[in-house]
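The block underneath contains the structure these notes are about, expressed in structure tokens.
The values are calculated or read from the model by the stated rules, or taken from the named source; none is laboratory data. If you're wondering where the values come from, they're calculated on a predicted model, not measured in any experiment. Virtual Cβ from ideal backbone geometry, glycine too; neighbours counted across all protein chains shown. To get the accessible areas, we keep the full protein, side chains included, count just its heavy atoms, and leave off ligands, DNA and RNA. Shrake-Rupley method; radii C 1.70, N 1.55, O 1.52, S 1.80 Å.
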Amino acid sequence: IYQVALTVNSGESLPTVLAIASENLARGLNADSSAVALLHEHTLHVVTSSLQHPTTNIRLTVPLSDLPACYQAASTNIPHYVTSQHLQGFEKDWFHSLGLHNVMVVPLIIGPDSSEEHLQPQIRQCVGFTFVSYADAHHRPSRGQYAFAQDIAAQCALAIEKERLLTDARQSATLATERASTLDAIFQAMT
């Protein structure tokens with residue numbers, strides 16, 4: 001968790017941070033594989049996967065509604081574990097093509113935690129997922145494993161929010177520079 005936190009604050013690019021988080025997540029939970037996907041406008045986009053060569057027919061961008069396990073985690077903001085036998089249809093094929101079989105689905109949540117909601121009443125929002133996969137269908141994650149996964153997910157969400165804030169700041173600075181140039185041109189024309 002500390003290594004991921006250091007990476008989040010190091011100035012590395014978001015894809016690099018998420019790849020390091022994914023590696024540490026799989027290693028820290030003794031998992032077989034992992035992946036990270038970002039959620040934007042009800043569409044999920046896979047950013048990183050520990051599977052070196054994903055299946056060629058994999059769709060890296062899919063509607064959230066096509067993945068009921070992810071939809072449930074996004075709706076409740078609660079991680080859960082789904083075995084391969086409970087996955088069906090497209091969702092099962094999609095997870096398997098990413099090298100994920102019995103999957104811990106952990107939502108990446110931004111917004112205040114429950115202890116801070118009275119200070120700033122905001123809605124907590126799911127911005128993506130970490131996926132942790134086990135080959136053993138009988139494996140059940142412990143409370144400690146869920147806590148570890150949520151800590152890594154919190155660092156990922158922090159990196160996503162940081163990237164969003166930096167992008168907004170850059171856009172604001174660009175807009176301010178453009179407005180200043182326009183005002184300067186108007187002033188020069190007036191004089």
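Checking each residue in region 81-100 for being among the small types (Gly, Ala, Ser) and either surrounded by 16 or more Cβ atoms within 10 Å (Cβ to Cβ) or at pLDDT 90 or above (or both) picks out 84, 97, 99. Inspection of region 162-184 identifies no residue that is small (Gly, Ala, Ser), within 27 Å of residue 28 (Cβ to Cβ), open to solvent by less than 60 Å² (accessible area, probe 1.4 Å) and not in a loop (DSSP other than H, G, I, E, B). You will find that of 19, 74, the residue that is of a type outside the set (Ser, Thr, Tyr), assigned to a helix (DSSP H, G or I) and in contact with a Pro (Cβ under 8 Å, 6 or more places away or on another chain) is 74 and no other. Of the set (1) open to solvent by less than 50 Å² (accessible area, probe 1.4 Å); (2) without any contact (Cβ under 8 Å) to a residue 40 or more places away in the chain; (3) not in a strand (DSSP E or B), all apply to residue 48 but (3). Taking the conditions exactly as written (open to solvent by less than 20 Å² (accessible area, probe 1.4 Å), aliphatic (A, V, I, L, M), over 19 Å from residue 152 (Cα atoms) and touching a residue at least 12 places away in the same chain (Cβ under 8 Å)), does residue 108 satisfy them or not? When the stated conditions are applied, residue 108 does not pass them.
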